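Asker: A single structure is presented below for examination.
The values are calculated or read from the model by the stated rules, or taken from the named source; none is laboratory data. Since the model is a prediction, treat every value here as computed from it, not as a measurement. Here Cβ is always computed from backbone atoms with ideal geometry, including for glycine, and neighbour counts include all displayed protein chains. Calculation scope for accessible area: heavy atoms of the full protein, side chains included, ligands and nucleic acids excluded. Shrake-Rupley method; radii C 1.70, N 1.55, O 1.52, S 1.80 Å.
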Amino acid sequence: MIGELLPLALGNLARARGRLIMTAGGVLVGTAAVVLLIALTFGLQRSAEKSIGENASLTEIDVYPNWGREMNENLPQLTVEAVRQFWQVPGVEVVIPMVNLQGGELLAGDYTGWGNIMGIDPALLPYLGLELTEGTLSLGPGQGLLGPRVGDNFFDPSSEEWEPVQVDLMNTPFEVRLFQYNSPTPSERKVELELTGTFREGTSFDYAILMPVRDVMAWNEWITGQEADPETFVYDRVVVRATSRETSQDVSEAIRDLGYATGGIGDYLNALNNFFATMRVMLGGVGAVALLVAAFGVANTMTMAILERTKEIGLMKAIGATDRDVLTVFLIEAGLVGLAGGLAGVGLSLFLQNVINQAVQNAPQGDSPALIFLPFDTSQIGGSLIVIPAELTVLAVVLATLVGVGAGFYPALRAAHLPPVTALKQE
Amino acid sequence: MSERAANNSHNNHRDMIIAQSVSKVFHLGDQVVHALDGVSLRIPPGQFVAIMGPSGSGKSTLLYLLGGLDHASGGEILVGGARLDGMASDGLARFRRETVGFIFQAFHLVPTMTALENVALPGVFAAMPRDVRERRALALLNALGMAPRIDHKPPQLSGGQQQRVAIARALFNNPPVIMADEPTGALDSRTGQTVMQMLRALCTRQGKTVVVVTHDLGVAQYADRMIQLMDGRIVEDKLVAPKEKTDAA
């Protein structure tokens with residue numbers, strides 16, 4: 001039926017081209033406003049994410065015991081069983097439990113320093129999203145991977161001044177000194193550590209040295225003088241990685257529901273995403289106001305068209321058109337006005353996207369007054385302040401069409417319910 | 001005289017149009033206007049009826065009620081066996097599509113459509129495929145001598161040509177009843193006669209029931225029966241020997 005009525009509606013639209021173009025122009029402006037404002041939030045969000053960290057760490061969720069909630073002996077701890085539970089959470093790609101060295105000192109040549117030595121299952125290394133600046137990403141017994149900032153924290157023990165010294169650890173003999181505190185006869189032990197690589201700055205492991213978990217646990221047993229008991233053993237840190245950005249929020253929630261606290265870049269990012277989602281709704285709302293104005297334009301145009309063509313409506317009914325046919329014809333017309341405006345609006349948005357991004361890219365860094373308000377480093381924008389996802393363009397066109405149909409509904413309904421005689425006699 | 005018409009209709013097994021005590025009341029502000037005041041009539045199939053009367057007599061109102069374009073205020077109307085009073089709008093639309101073809105004084109062609117498209121328009125609402133309806137429209141225009149003008153739009157056609165297109169459109173769904181409201185009102189007398197001859201032929205050759213509203217006695221002479229309305233009532237109803245009835249037959 002619509003297929004038969006479509007040419008009729010198209011013919012009607014062709015009659016008043018000027019009015020059609022102006023009405024569709026209103027929808028164009030409204031659609032472009034919605035698309036560009038929403039695209040701006042996508043651009044800002046992407047830039048903000050870029051300035052936070054590398055892509056790999058965005059799905060990372062840190063899990064802690066929920067200390068803040070209440071003092072409770074039954075507070076869920078990061079036990080072996082807990083790790084097993086985390087693996088069961090839907091959307092989890094990998095669970096990386098880690099063990100800290102209970103105490104020790106780093107020795108590099110004549111200097112000493114501190115660093116967090118963390119034990120990890122070497123098989124899980126690739127999931128940490130670490131990129132190396134030198135060496136290879138592998139951990140064997142007695143080997144370690146170096147955080148890029150560990151070398152900053154050394155000093156000369158013989159010096160009077162407590163002056164930090166920068167040490168090139170990769171090229172300096174490296175040892176760890178372990179202390180046995182609890183023993184009645186305090187003793188210490190030096191262990192050699194072979195560093196296989198340094199990873200890139202910008203992760204949560206900048207000040208850490210990663211080692212095989214077996215080594216760290218063995219050292220901890222020596223330090224404490226106790227064997228690790230699988231029943232009571234507690235990990236110091238658990239990183240859960242979600243399969244994607246989209247699932248990371250659900251994973252966070254599921255883990256919180258298990259009674260743990262979550263944090264980390266992924267979780268911070270979720271908060272950021274929520275912020276941008278709110279911003280998107282607000283700016284989209286501003287754009288929607290323009291679209292609402294356009295809707296009144298469509299309603300007005302349709303009312304005019306129906307007044308002009310009242311006799312024709314009477315005629316259509318006289319030759320057998322149902323109320324529904326008349327309604328359909330006018331709704332198609334209104335929808336087509338919306339569709340035309342929507343397509344043009346998306347076209348304009350895509351054009352402006354190029355223009356604006358070009359302008360941002362060419363803007364002098366730092367002293368561009370237009371960009372000062374941005375809540376992050378503008379150098380991160382990298383030429384895409386406006387980001388229009390394909391879904392947004394489709395959604396905008398659909399929305400514009402629906403706005404047209406919606407705005408045309410009341411006039412069309414009135415046309416459909418006109419008594420044929422009244423319509424035919426209209427002067 | 002009205003006896004004769006009534007008797008005549010009872011000779012046929014079933015009347016095409018039956019109106020029983022039909023009234024129509026308009027409210028104009030505080031005023032109540034009785035456009036039709038208890039009109040009863042029966043029209044057998046294949047009869048050519050002219051409804052006459054001065055303006056304001058209610059003749060057009062009666063036609064629109066019989067054609068299902070308006071609702072009666074009271075009384076019963078049956079056309080082609082369908083009860084029109086109280087029928088919902090979808091039912092009326094279907095009735096108009098299947099049972100009646102309308103012809104108007106002002107033609108009421110869609111100005112942006114060609115003659116062919118105008119004739120085929122009822123097929124759009126009957127959900128008829130495009131090629132089928134265009135073939136049918138072409139045949140109808142051809143039969144009315146309009147074949148050379150099928151691609152012309154109404155503004156490019158003379159009044160008589162436009163009315164022929166309108167007649168072709170009225171015939172599109174092959175309805176048993178043709179209703180015409182002052183079909184010659186906008187035409188010169190010679191063209192008007194041609195149009196009336198066409199309507200006469202539809203009645204005589206195809207057995208269509210034709211109801212024409214007119215105030216022109218010359219037009220009414222093509223009819224088998226003349227009904228005079230005055231102030232919403234039938235004042236005269238008589239059978240006549242139609243002019244050129246024999247010619248057309």
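Asker: Among (1) more than 16 Å from A:MET22 (Cβ to Cβ); (2) within 14 Å of another protein chain (Cβ to nearest Cβ); (3) buried (at least 20 other Cβ atoms within 10 Å of the Cβ), which single condition is A:GLU333 missing?
Answerer: (1)
Asker: Starting from region B:187-213, keep only residues that are farther than 18 Å from B:PHE107 by Cβ, then list their pairs with residues that are among the small types (Gly, Ala, Ser) and surrounded by 17 or more Cβ atoms within 10 Å (Cβ to Cβ) whose Cβ atoms are within a distance under 6 Å, requiring at least 6 positions of separation or different chains.
Answerer: Cβ pairs passing all conditions: B:ARG200/B:ALA248; B:ALA201/B:ALA248; B:THR204/B:ALA248.
Asker: Same structure, new question: Within region B:145-162, work out how many residues are in a loop (DSSP other than H, G, I, E, B) and over 16 Å from B:LEU121 (Cβ atoms).
Answerer: Summing the residues that are in a loop (DSSP other than H, G, I, E, B) and over 16 Å from B:LEU121 (Cβ atoms) in region B:145-162 gives 2.
Asker: I'm trying to understand the selection: among the residues of region A:134-190, which are hydrophobic (A, V, I, L, M, F, W, C) and farther than 17 Å from A:TYR111 by Cβ?
Answerer: A:LEU137, A:LEU139, A:LEU145, A:LEU178, A:PHE179
Asker: Restricting attention to region B:59-93, which residues are assigned to a helix (DSSP H, G or I), within 7 Å of chain A (Cβ to nearest Cβ) and crowded, with 18+ Cβ neighbours inside 10 Å?
Answerer: Within region B:59-93, B:TYR64, B:ALA93 qualify.
Asker: May I ask you to say which residue of A:LEU28, A:LEU40 is closer than 12 Å to A:GLY284 by Cβ, assigned to a helix (DSSP H, G or I) and either away from chain B (no Cβ under 14 Å) or in contact with a Gly (Cβ under 7 Å, 6 or more places away or on another chain) (or both)? Even if it seems obvious, please write down each step before you answer.
Answerer: Values: A:LEU28 fails: closer than 12 Å to A:GLY284 by Cβ.
Within the list A:LEU28, A:LEU40, the selection yields A:LEU40.
Asker: Further question: Considering region B:97-123 alone, what residues qualify as being out of contact with any Lys or Arg (no Cβ under 7 Å at 6 or more places or on another chain), at the interface with chain A (Cβ under 7 Å from one of its Cβ atoms) and not in a loop (DSSP other than H, G, I, E, B)?
Answerer: Selection gives B:ARG97, B:PHE102.
Asker: Looking at the structure I just gave you, is B:VAL39 open to solvent by 10 Å² or more (accessible area, probe 1.4 Å) and more than 24 Å from A:GLY320 (Cα to Cα)?
Answerer: Working: open to solvent by 10 Å² or more (accessible area, probe 1.4 Å): no; more than 24 Å from A:GLY320 (Cα to Cα): yes.
So B:VAL39 does not fit the description; no.
Asker: Further question on the same structure: Can you tell me which of B:ILE167, B:ILE227, B:ILE178, B:ILE234 is among the hydrophobic types (A, V, I, L, M, F, W, C) and part of a helix (DSSP H, G or I)?
Answerer: B:ILE167
Asker: Give just the number: which of (1) assigned to a strand (DSSP E or B); (2) on the phi > 0 side of the Ramachandran plot; (3) not acidic (Asp, Glu) does B:ALA127 not satisfy?
Answerer: Exception for B:ALA127: condition (1).
Asker: Next question. Does region B:95-132 hold any residues that are within 11 Å of B:ALA168 (Cα to Cα) and touching a strand residue (DSSP E or B) at 6+ places or on another chain (Cβ under 8 Å), and which are they?
Answerer: B:GLY101, B:PHE102, B:ILE103
Asker: Scan region A:266-315 residue by residue and report those that are in contact with a helix residue (DSSP H, G or I) (Cβ under 6 Å, 6 or more places away or on another chain), within 14 Å of chain B (Cβ to nearest Cβ) and buried (at least 20 other Cβ atoms within 10 Å of the Cβ).
Answerer: A:ILE313, A:GLY314
Residue by residue, here is whether (1) at pLDDT below 80; (2) of a type in the set (Asp, Glu); (3) more than 30 Å from A:ILE356 (Cβ to Cβ) holds:
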position: A:ALA16; (1), (2), (3): no, no, yes
position: A:ILE38; (1), (2), (3): no, no, no
position: A:GLY43; (1), (2), (3): no, no, no
position: A:ILE52; (1), (2), (3): yes, no, no
position: A:VAL95; (1), (2), (3): no, no, yes
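Asker: What is the number of the single condition among (1) open to solvent by less than 50 Å² (accessible area, probe 1.4 Å); (2) modelled with pLDDT of 85 or more that A:GLU81 does not meet?
Answerer: Against the list (1) open to solvent by less than 50 Å² (accessible area, probe 1.4 Å); (2) modelled with pLDDT of 85 or more, A:GLU81 comes up short only on (1).
Asker: A further question follows. Please specify each residue of region A:379-399 satisfying the condition of being modelled with pLDDT of 90 or more and either of a type in the set (Ser, Thr, Tyr) or not assigned by TED's automatic domain parsing to the domain that holds A:ILE38 (or both).
Answerer: A:THR393
Asker: If you don't mind, there's one more thing I want to ask. Give me the pairs, please: first residue somewhere in region A:102-130 and closer than 19 Å to A:ARG200 by Cα, second residue anywhere and part of a strand (DSSP E or B) and open to solvent by 50 Å² or more (accessible area, probe 1.4 Å), beta-carbon distance under 8 Å, and either six or more positions apart or on two chains.
Answerer: Note: pairs meeting the criteria are A:TYR127/A:GLU93.
Asker: What tally of residues in region B:94-128 results from selecting those that are more than 22 Å from B:HIS152 (Cα to Cα) and either free of Cβ contacts under 8 Å to residues at least 24 places away in the same chain or hydroxyl-bearing (Ser, Thr, Tyr) (or both)?
Answerer: Qualifying residue count for the region: 4.
Asker: Right, something else. Taking region B:142-177, which residues are in contact (Cβ under 8 Å) with a residue 24 or more places away in the chain, within 14 Å of chain A (Cβ to nearest Cβ) and open to solvent by 70 Å² or more (accessible area, probe 1.4 Å)?
Answerer: Correct list: B:LYS153, B:PRO155.
Asker: Among the residues of region A:164-174, is there at least one that is modelled with pLDDT of 85 or more, surrounded by fewer than 19 Cβ atoms within 10 Å (Cβ to Cβ) and under 20 Å from A:PRO212 (Cα atoms)?
Answerer: No - not one qualifying residue is present in region A:164-174.
Asker: To continue, here is another question. Pull out all pairs, ordered by first then second residue, where Cβ-Cβ is under 7 Å, the residues are six or more apart or on different chains, the first lies in region A:1-12 and is more than 9 Å from every other protein chain (Cβ to nearest Cβ), and the second is modelled with pLDDT of 85 or more and surrounded by 12 or more Cβ atoms within 10 Å (Cβ to Cβ).
Answerer: These pairs meet every condition: A:ILE2/A:THR328; A:ILE2/A:ILE332; A:LEU6/A:ILE332; A:ALA9/A:VAL329; A:ALA9/A:ILE332; A:ALA9/A:GLU333; A:ALA9/A:LEU336.
Asker: Let me ask another. Which of the residues that make up region A:408-427 are crowded, with 22+ Cβ neighbours inside 10 Å and not hydrophobic (A, V, I, L, M, F, W, C)?
Answerer: A:GLY408, A:PRO411, A:PRO420
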